[in-house]
1. Would you mind calculating the gained length between Glu79 and Leu360 on full extension (0.36 nm times residue separation, minus the Cα-Cα distance), in nm to one decimal?
2. Starting from the Cα of Asn209, step 7 Å along the direction of its Cβ; do the same at Asn256; then give the gap between the two resulting points in nm.
3. Checking the table Lys179/Lys358; Lys202/Lys368; Lys212/Lys248; Lys317/Lys375; Lys179/Lys375 against a 23 Å threshold on Cα-Cα, which pairs fail?
4. Round to a whole angstrom and tell me the spacing of the C-alpha centers of segment 180-234 and segment 368-383.
5. With θ taken as phi - 60° and the coefficients 6.51, -1.76 and 1.60, list the Karplus ³J(HN,Hα) couplings across segment 252-260 in order, rounded to whole Hz; mark glycine and proline as x.
6. Give the long-range amide H neighbours of Glu153: residues separated by 5 or more places, or on another chain, with amide H under 5 Å away, using H modelled in the peptide plane at 1.01 Å from N.
7. Testing the spin-label approximation: label points 7 Å from Cα along Cα→Cβ at Asn157 and Arg293. State their distance in nm.
8. Report in % the part of the accessible area of segment 349-392 that belongs to carbon and sulfur, leaving out ligands and nucleic acids; probe 1.4 Å.
Amino acid sequence: MMATEWLTMADGNRSTPPPPIHRFPSPSSRSSSFLPLLLLVAVAMTMLSCTTTTNSMVAGGIQRSAVQRSARGSRVRTEAFRDRVREKMRERVIRPVARRMGQLGTRLNGWWTGEDLDVAHGHAPVSSNSAPHGEAILLERVQKPVLMPGEGEAGSNSPVVLVDDVCMIPGDPIVRIEKAPGNGVRIFTGIDIIAPMDEVWKILTDYENLHKIVPSLVENRVLKRASDGSARIEQVGSADVVPGMKFKAKMTLDVNLYLENNPIPDHQIANYIHDDKMSSPEARDIGEKTGLRRGVFPRPYALTSLPHRDITMKDVKGAPGDFEHYQGVWRVQPLPGCAVPDGQDAARLTYAVEIQPKGLLPVRLIEKRIAADLKINLMAIREAAEEKVAADGTLAPAA
């Protein structure tokens, strides 16, 4: 029956409409309806995975950054610690040593420019010798002897002492270097001169003019002098450290004379060597164990039974100076047994000195230079004495 027909029928005859028919989708229709949902879930899972991966990468990057920052911090702290250590070393070791060596680090410019700088006191020095022209020529004739490798040290052939039956004419000065306890050293030098002992003595005791003869003296001033020949002298000595650069040392010395009838008292001499029979290693061993004592002078390098004269020099305690300990003994003696041409008189001059620098300056840095300069000084004294004898016409100088 058609719907229109049903609607035109009388009420009495109107029948109940048929129930609606429910149609279920086919399997293919259901799959089509779930597809968007599945796509949405897949996208959500992908986004979640990407978010997790991104978070992991960010966390890893943060962790690596933290490790790098920690490593950089460790390096910075290490470098800061090294800088502090370096500064402490500079402050406590390097700078004091540089000051004692004459501010070497700040005054090398003089080396390159050729200027002869006073590196110990920071200014160009006055003339090293104020000698007249003739005396300057005399000093120029003194050739600078250079210490040979190992000369005067352990293992060398330097004698323990110089005895009367040894003659060193002609010849260069003898030098011997012995270690002393602590930062100390003892240096012994000797030379034989074709001149009377009195002539050599006059040069040594002419304190006011020592700087005209002794090349290493750049300043020399007599503070006081007594009638017995003793004196107090202020001196500045100089030694070449490197070409064009000098190490200078200032000291105030008390000088005392001991003549033939008035020798140095035994208790003021380190007399642990009584003859030339002691071996060199044994003497060095004893010397290395014998401490430096103020007022007890090193043994004179000349061991003699002949009449002789001595001069002791000792630094004045408390006076400004660059040595903690400085004292020495000059000895002059005749050499009647030395075969000199034409029967001329001969004399021996020796010097024994013990030194300990102030502060942190190692004595090993300067001992060889001091020993070399002592050889130069002895040669200059020999040259001056022999020239004086020749000029007086009393004795002809040896060829």
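The values are calculated or read from the model by the stated rules, or taken from the named source; none is laboratory data. All of these numbers come straight from a predicted model, not from anything done at the bench. We place every Cβ from the backbone using ideal geometry, glycine too, and count neighbours over all the protein chains shown. Quick note on the areas: whole protein, heavy atoms, side chains included, nothing else; ligands and nucleic acids left out. Shrake-Rupley method; radii C 1.70, N 1.55, O 1.52, S 1.80 Å.
1. On the way: separation 281, 0.36 × 281 = 101.16 nm, distance 2.75 nm.
Residue separation times 0.36 nm, minus the Cα-Cα distance, leaves 98.4 nm.
2. 2.8 nm
3. Working: Lys179/Lys358 17 Å; Lys202/Lys368 28 Å; Lys212/Lys248 17 Å; Lys317/Lys375 27 Å; Lys179/Lys375 19 Å.
Violating the 23 Å limit, Cα to Cα: Lys202/Lys368; Lys317/Lys375.
4. Cα centroid of segment 180-234 versus Cα centroid of segment 368-383: 12 Å apart.
5. For segment 252-260, the Karplus curve yields 10, 10, 9, 10, 10, 9, 9, 8, 4 Hz.
6. Answer set, sorted by chain and number: Ile177.
7. 3.6 nm
8. Working: 700 of 1380 Å².
Roughly 51 percent, rounded to a whole number.
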